[in-house]
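Quick one: structure below, then a few questions.
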Amino acid sequence: MTVADTNTRPDHPDVQLLRDLHTALQRGDLAWLEEHFADDIVWHVGGNSKWAGARRGKAELRELHAHIARAMSTSHESAVHDILGSDDHVVVLGSATATAEDGSTVKWNYVNVVHIDDGKITEVWGMTENDAAVDPFLDRLPD
């Protein structure tokens, strides 16, 4: 995972929080996630795959991330292209590629819209550009 330097408002603390989130994900720092996610966080996974829907609370989010880690153990790469922030929202623009054990591959661009309150991530909406390709790929991954 790479995090690009951009011309957006790098001085905004919520932009830095999201940069730190992606760095923590890259190094597998679960303690950082626990500290910076609100207890009642809601994480919306877009699309129509078996993974789509809202996860509520840290326990459900931990379960989702563990499931993703197991299912995408073969190959998964992502890159953050930009992080845009204001006092109300932070938007992450990126791309990702995943390869399943059977050798099938899918690439997508994504947008995550994030709400942050008092330094804690409270809600995330994740959307991909091509659910028609991503959803079937995700549905084939093991549970």
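Any read-out appearing in this document is the output of simple, stated calculations on the displayed coordinates, not a laboratory observation. Predicted, not measured: the structure shown is a model, and the values here were computed from it. Note that each Cβ is placed from the backbone with ideal geometry, even for glycine, and that neighbours are counted across all protein chains shown.
Take 55, 27 and order them by how many other Cβ atoms sit within 10 Å, fewest up front.
Neighbour counts put them in this order, fewest first: 27, 55.
Okay, next question. Please enumerate, by chain and number, the aspartates and glutamates with C-alpha under 16 Å from the C-alpha of residue 107, excluding those fewer than 8 residues away in the same chain.
77, 129, 131, 135, 139
Using only the Cα atoms of the chain, each taken as one equal point scatterer with no solvent, compute I(q) by the Debye sum, divide by I(0), and report log10 of the ratio at q = 0.10, 0.12, 0.14, 0.17 Å⁻¹.
-0.32, -0.47, -0.65, -0.99
Sort 70, 140 by Cβ crowding within 10 Å, fewest neighbours at the top.
Ranking 70, 140 by Cβ neighbours within 10 Å, fewest first, gives 70, 140.
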